[in-house]
Amino acid sequence: MHTKSLKGLTIPLVSVLAGFIVGAILMLIFGYDPLQNYQNLLVGSFGGVYSIGETLRNMISLILTALGFAVASKAGFFNIGGPGQYLIGWFGAIVFTLKFSYLPAIILIIGALLCGALAGGLWSMVAGILRAYFGTSEVITTIMLNYIVLYIVNFAVKSWLAGKGSDSSPNIAAKANLNTPFLQRITDNSTFNWGFFIALAVVGLVWFYFNKTKSGFEIQAVGLNESASQYAGVNVKKTIITAMLISGLLAGLGGAIDGLGNFQNISVSNNLPNVGYNGMAVALLAAENPIGIVFAALLFSALQIGGLSISVYSNTPSEIVDIVIASIIFFVGIKYAFELIAKKGWFKRKNREEKGGAEK
Amino acid sequence: MEDYVVEMRHITKQFGSYKANNDISLQLKKGEILALLGENGAGKSTLMGMLSGLLEPTDGEILINGKSVKMDNPRNAKKLGIGMVHQHFMLIPAFSVLENIILGDEPTKATRIDYRKAANDIEKLAEKYHLDIDVNAKVRDITVGMQQRVEIMKALYRKANIFIFDEPTAALTPQEIEQLIKILRALAAEGNSVIFITHKLKEIKEVADRCVVIRMGKVVETVQVAETKEETLAEMMVGRKINFAVEKEETDKSKTVLAVSNLSVEAHALLKVKDLNLIVHSGEIVGVAGVDGNGQSELIEAITGLRKIKKGSVELKGKALQNLNARKISEAGIGCIPEDRQNVGLILPFTIAENLVLKSYHKKPASQHGLLNYKKINEMGRQLIKSFDIRSQSEKELAGDLSGGNQQKVIVAREISASPDLLIAANPTRGVDIGAIEYIHEKIIEQRNAGRGVLLISFELDEILKLSDRIVVMHEGQIVGEIDPRHTSSEELGLMMAGKAPIEQEG
Ligand SMILES: Nc1ncnc2c1ncn2[C@@H]1O[C@H](COP(=O)(O)OP(=O)(O)OP(=O)(O)O)[C@@H](O)[C@H]1O
Ligand SMILES: [Mg+2]
């Protein structure tokens, strides 16, 4: 068991290292100082309570959208709907908070988060139903649903929530803000908020769901072998829909938390939120392991937050971190090549050592 | 000193701390057919995996035509003229048979794949070796037997001169086996060398020159087949005497367990089961004999709720089951050992223990209030592993890491231990060693003796004849006759199945 998890770590670690090396080489080619920039990156993401607060806050939605992607993926589905589910979750939470602002804080917050999560879940479930009953590819439906939700939300914000001449909804009541004065005080006014702890709790829940529950068992069974699941009596259609529902719930919750904790309102936007896509990358780097997702999210978040300061302290364009991120994903993607190298190179040496040990 | 085509010297293969092969040496002569015999999990497939470049030895040396070679990937092996027919098929379901055969070795014309030439070549080979395959069918639509023939064709097409056949006969009908044996002989006569793995001693006696017997990763003996009796081979392999006879008690057959009436079932828009009637009584084993592809699979799928019934009814102890879902049917008391163990019977990346509760994970004691109780699951797993002698390192080993025969034993253990009113067994001893066959047969008879019904579908005529109380012959989706196994020989049954002998209707 132990050796197995070690082997599981090799690929992401090597990929991350390779990503940084590619970034460094590019910086050298274009005449920037990689060491200095990586140092700025580190300082920018972990250099003080403020930056740590920002980095942790940025992790929240990465974790939740990654978990969402992972759940669908365990059932064998490639849910690209993360951005749309996140957006509708954000929208749902803001609407709830605005319309029920008279409720006491705690109920208002819980209601808003549930409303956002549910919106994401139901939206994603549409793709699940289409897949289960009509065999429609979830890749296509979730992409289309992303755009549908983008335009619906834009329309609703503009014509319903926003005042005349404005592109944004009003801000939510201060009592619904997840970023409380206490947290602001200890993190030097960063956007760090209680949502971080909710996200960590959800990681635990998802881990529990997959390792201990009947329903999680069914999702994995269907994802690994649909015919065998059918033969075993698993209701495959129901399982597919459940998986997509949970997947969307998680991404929606991510949007809801960001809505209450970070944005406090919702605006018309030209693009789908990037975080939904970044969440997919996080899940891939973590090989869909819930605990791994926390670490992968930490890395990506640090890159994103730290990347902002790269161009502040030097004239290096901050896009360099996007290249690092993209390279990491690329290397995770070509893990097959790594496996081959690993099989030929080090592992053979290890085998010999093992044998030598046995002979002693 | 003789020249060997293949020489494996002191080969050891370790998975973790477990030695699947322990200092095995083996030689193959030119033009020879060498049989490899050993219990499930003895290490046969592992050894051949190293010869075909799928696995790398932990220690030892492989020589081809006297030269030491490094066999670190299948392409190398192919270049050296080694072709392997794997125990578990390596086919791509979405591709056609033709595409699967030429994959990795496509003939090209001006950078395009020359499908016409490929089809021609394959047709010639098919004619020469009398292999019946439909090159245009998609692999996902063909029967297990046909898949096996496609695998054989793949090896022939690649023009190897050293052939490895890993249990090719486990999924073939007697006629097909006969044909394969002819192919093996022809290959050897042309100067090729063949390594042949099978659990069927009859086949070894029929075709092999020498036989290497492996037990627990070690060679225990190498014998000249002509000078060795079947019983001796069996004893060498298992390490004890085997009891081939089965004991059937008198049972009360007055109750009807399964009643199938006027059943029609479609597959791929073809009517595969036509107005079929079939009854299984309590305390009775009904054997279904028939050439592969005559609707047996569809019949099983319809009874177990995996395929829609077009017309007709299925009743278990008087309760209508048609078109209920698989879970309801299994809970009503039907167990099934499916034909395709890797794609249907098991979830390979799950542990043995998880696979053993695949049909009962949703209820006590495996789970409660929606939560799985892994302590119980693993404990039950350990018990079944012990009582069914599943050779494994622990109940937490992945089913996919088990040897083929042991995978089969996992399914058999799960289905039989549930003691269903009706047990459907499709090739229950496929790929299982003689010792385990004895055990599985005992267990099936135990079910019968306890008053339960068994529907047995098997290509092994000997198995059907030995176990069944009654045999029905299935042809083109219908039951065309019924015979009494006590008064029928396997030759007669074979002819009846092929429609070449009249079937006497009984009682
Ligand atoms: N990848 C693997 N990891 C761990 N153990 C393995 C692996 N592959 C095979 N084994 C173990 O090695 C042993 C030998 O397996 P192998 O498949 O060679 O048996 P076999 O002789 O072909 O049996 P069968 O007749 O059932 O096909 C088994 O105990 C099996 O569990
Ligand atoms: Mg084998």
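Return yes or no: is B:Ile195 crowded, with 22+ Cβ neighbours inside 10 Å, within 16 Å of ligand 2 (Cβ to nearest atom), within 24 Å of B:Gly31 (Cα to Cα) and in the same structural domain as B:Ser45 (by TED's automatic domain parsing)?
Yes; evaluated as a whole, the condition is true for this residue.
If I filter segment A:191-240 down to residues being assigned to a loop (DSSP other than H, G, I, E, B) and touching a Leu at 6+ places or on another chain (Cβ under 6 Å), which single residue comes out as nearest to the other protein chains (Cβ to nearest Cβ)? Checking each candidate, the answer is A:Ala232. Which condition number in (1) of a type in the set (S, T, N, Q); (2) under 16 Å from A:Ser247 (Cβ atoms); (3) modelled with pLDDT of 95 or more is the one that A:Asn154 fails? Exception for A:Asn154: condition (2). For B:Leu398, state whether it is more than 19 Å from the chain's Cα centre (by Cα) and within 16 Å of ligand 1 (Cβ to nearest atom). The answer is yes for B:Leu398.
A single member of B:Lys182, B:Lys218, B:Lys200, B:Lys205 is away from ligand 1 (no atom under 16 Å from the Cβ), surrounded by 15 or more Cβ atoms within 10 Å (Cβ to Cβ) and more than 14 Å from chain A (Cβ to nearest Cβ), and it is B:Lys205. Does at least one position in segment B:468-491 carry a residue that is part of a helix (DSSP H, G or I), of a type outside the set (S, T, N, Q) and surrounded by 22 or more Cβ atoms within 10 Å (Cβ to Cβ)? No: segment B:468-491 contains no residue that is part of a helix (DSSP H, G or I), of a type outside the set (S, T, N, Q) and surrounded by 22 or more Cβ atoms within 10 Å (Cβ to Cβ).
Within segment B:351-377, the residues that satisfy the criterion of being part of a loop (DSSP other than H, G, I, E, B) and facing chain A (nearest Cβ under 7 Å) are B:Leu358, B:Lys359, B:Tyr361, B:His362, B:Gly370. Taking the stated definitions as given, is B:Arg414 closer than 30 Å to B:Glu247 by Cβ and within 16 Å of ligand 2 (Cβ to nearest atom)? No; evaluated as a whole, the condition is false for this residue. Consider segment B:156-179 and keep the residues that are outside any strand (DSSP E or B) and β-branched (Val, Ile, Thr). The one that is surrounded by the fewest Cβ atoms within 10 Å (Cβ to Cβ) is B:Ile177. Based on what the data block shows, is B:Lys13 crowded, with 21+ Cβ neighbours inside 10 Å, within 30 Å of B:Val238 (Cα to Cα) and of a type in the set (Lys, Arg)? Considered against the rule, which asks whether it is crowded, with 21+ Cβ neighbours inside 10 Å, within 30 Å of B:Val238 (Cα to Cα) and of a type in the set (Lys, Arg), B:Lys13 comes out as yes. With respect to (1) within 14 Å of chain A (Cβ to nearest Cβ); (2) within 16 Å of ligand 2 (Cβ to nearest atom); (3) surrounded by fewer than 23 Cβ atoms within 10 Å (Cβ to Cβ), the lone exception for B:Leu26 is condition (1).
All conditions but one from (1) surrounded by 13 or more Cβ atoms within 10 Å (Cβ to Cβ); (2) within 14 Å of chain A (Cβ to nearest Cβ); (3) not in a loop (DSSP other than H, G, I, E, B) apply to B:Leu384; the one that does not is (2). Among residues of segment A:175-188 that are more than 23 Å from A:Ser101 (Cα to Cα), those with a beta-carbon under 6 Å from a residue that is of a type outside the set (Ser, Thr, Tyr) at least six positions away or on a different chain give the pairs A:Thr187/A:Val49; A:Thr187/A:Gly53; A:Asp188/A:Val49.
Whether any residue in segment B:67-74 is away from ligand 1 (no atom under 16 Å from the Cβ), surrounded by fewer than 19 Cβ atoms within 10 Å (Cβ to Cβ), within 23 Å of B:Gly31 (Cβ to Cβ) and touching a residue at least 12 places away in the same chain (Cβ under 8 Å) is what I want to check. Checking segment B:67-74: not a single residue is away from ligand 1 (no atom under 16 Å from the Cβ), surrounded by fewer than 19 Cβ atoms within 10 Å (Cβ to Cβ), within 23 Å of B:Gly31 (Cβ to Cβ) and touching a residue at least 12 places away in the same chain (Cβ under 8 Å). Restricting to segment B:391-411, what's the tally of residues that are in a loop (DSSP other than H, G, I, E, B) and either touching a Leu at 6+ places or on another chain (Cβ under 9 Å) or within 16 Å of ligand 2 (Cβ to nearest atom) (or both)? Within segment B:391-411, residues that are in a loop (DSSP other than H, G, I, E, B) and either touching a Leu at 6+ places or on another chain (Cβ under 9 Å) or within 16 Å of ligand 2 (Cβ to nearest atom) (or both) number 6.
The values are calculated or read from the model by the stated rules, or taken from the named source; none is laboratory data. Keep in mind it's a predicted model, so treat the numbers as computed, not measured. Neighbour counts are summed over all protein chains in view; Cβ atoms, including those assigned to glycine, are modelled from backbone coordinates with ideal geometry.
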